[in-house]
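Inspection log for the structure reproduced underneath, given as structure tokens.
The values are calculated or read from the model by the stated rules, or taken from the named source; none is laboratory data. Remember, it's a predicted structure, so these values are computed and weren't measured experimentally. Please note: Cβ atoms are built from the backbone with ideal geometry, for glycine as well, and neighbour counts cover all protein chains shown. Heavy atoms of the whole protein, side chains included, go into the accessibility calculation; ligands, DNA and RNA do not. Shrake-Rupley method; radii C 1.70, N 1.55, O 1.52, S 1.80 Å.
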Amino acid sequence: MFVLGGGSNLLVSDHGFDGLVVKIELQGTEPHSVHADDAPRLTVAAGEDWDRLVSYCVERDLCGIECLSGIPGSVGGTPVQNVGAYGQEVSSTIVSVRCFDRQCNAIVQLAKSDCRFLYRTSIFNSTARDRYVVLAVTFQMSAEHTASVGYAELERELGGSTAPIREIRDAVIRIRRRKSMVCDPDDPNSVSAGSFFKNPLVERDKIDAVADAGMTDNVPTFNVSVDQVKIPAAWLIEKAGFQKGFRLGRAGISQNHSLALINLGDASAADMLELARAIQAGVKAKFDIDLMPEPTFVGFSDC
């Protein structure tokens, strides 16, 4: 059985999927407060559209997910991957996740700590993969008209590190649109599964070797811990010789974003996978870093 959410972050085999596909379309958004003066908690059904929820919150000055604007897909998919962008991760607002436990044949409520959120990771896509079906997510919002941002590109777009959350949402969507990372039928560069590779976590003592391989003194990094940093996968891909607009048969890299692998017309899943593996091999050969795919692979026996 495969549980399908919004379908925005998938690569499906040319042979299809030999099993039952369950499309989650549960609807509903329920505001409720723990205390009368608190910003509301929102319990949102898994089938609700994610960006519609972000818009709902921003319109009501509910802060916490505005930097996650423009991301396609459903609410139920966001805790699975711990969706994040522009300095925010969805786990920062999640209180609990309501699930059907296929192992125990029961509906359970998992607290945030039970989900073990890390960068693009949770129990739902790692240690308990295929065990839980997400039914609803409860978020704790903040009642704030303005918010701080901690992502340089977004700060530049806004002209500062603090702005009204409505302006933050608009700025994020502008940036994403320039990168063809919003669904747009008129933009051929948006025919993708979003970012195809995760930003790899690298030990700090490996940065000098990365700099030497990239023939630069300036390796872009984001601090993760005392021992680890995150390197943008897009930087590694371009330094390995795969520039925006690169083509391999009927598949290619977006002209506007190095992490988006696009269908140039009639590309098969095998074509997309061939391109992805060529990029992985190139980055591995140059930097000795393994790029991990971000989409879910469906119907493949060797992925």
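Observations on the model:
- Using a Gaussian network model of the chain in which every pair of alpha carbons under 10 angstrom is joined by a spring, one finds that among Arg98, Arg174, Arg204 the greatest mean-square fluctuation is at Arg204.
- 3J(HN,Hα) along segment 77-92, derived from phi through the Karplus expression 6.51 cos²θ - 1.76 cosθ + 1.60 where θ = phi - 60°, amounts to x, 5, x, 4, 9, 6, 4, x, 5, 6, x, 10, 10, 5, 5, 5 Hz, with x in place of Gly and Pro.
- Segment 1-155 - charge dipole about Cα centre, Lys and Arg +1 at Cβ, Asp and Glu -1, debye rounded to 20: 600
- Annotation: amide H-H contacts under 5 Å for Ala147 (H modelled 1.01 Å from N, sequence separation of 5 or more, or interchain): Ala163, Ile165.
- Heavy atoms of His32 accessible to a 1.4 Å probe, total area in Å² rounded to 10: 70
- Label-zone membership for segment 144-160, site Arg177, 7 angstrom Cα→C-beta point, backbone N under 16 Å: 157-158
- Karplus-based coupling profile of segment 248-262, in residue order and whole Hz: 9, x, 8, 10, x, 9, 3, 6, 10, 7, 5, 8, 9, 9, 10, with θ = phi - 60° in 6.51 cos²θ - 1.76 cosθ + 1.60 and x standing for Gly or Pro.
- Pairs of Cα atoms nearer than 8 Å and 6+ residues apart set the relative contact order; for the chain it is 18 percent.
- Segment 141-285: C-alpha gyration tensor shape, a/c 1.5 cut-off, then a/b vs b/c: oblate
- The chain: C-alpha pair distances exceeding 25 Å, %: 53
- Positive-end extreme of charge dipole, segment 1-150 - chosen from Thr146, Val133, Trp50 (charges on Cβ): Val133
- 4 °C / 1.567 mPa s Stokes-Einstein diffusion coefficient of segment 112-161, Kirkwood radius on C-alpha pairs, µm²/s: 91
- Chain lengthening between Asp101 and Tyr119 when straightened (0.36 nm per residue, less Cα-Cα): 4.1 nm
- Rounded to the nearest 20 debye, dipole of the chain from Cβ charges on Lys, Arg, Asp, Glu: 240
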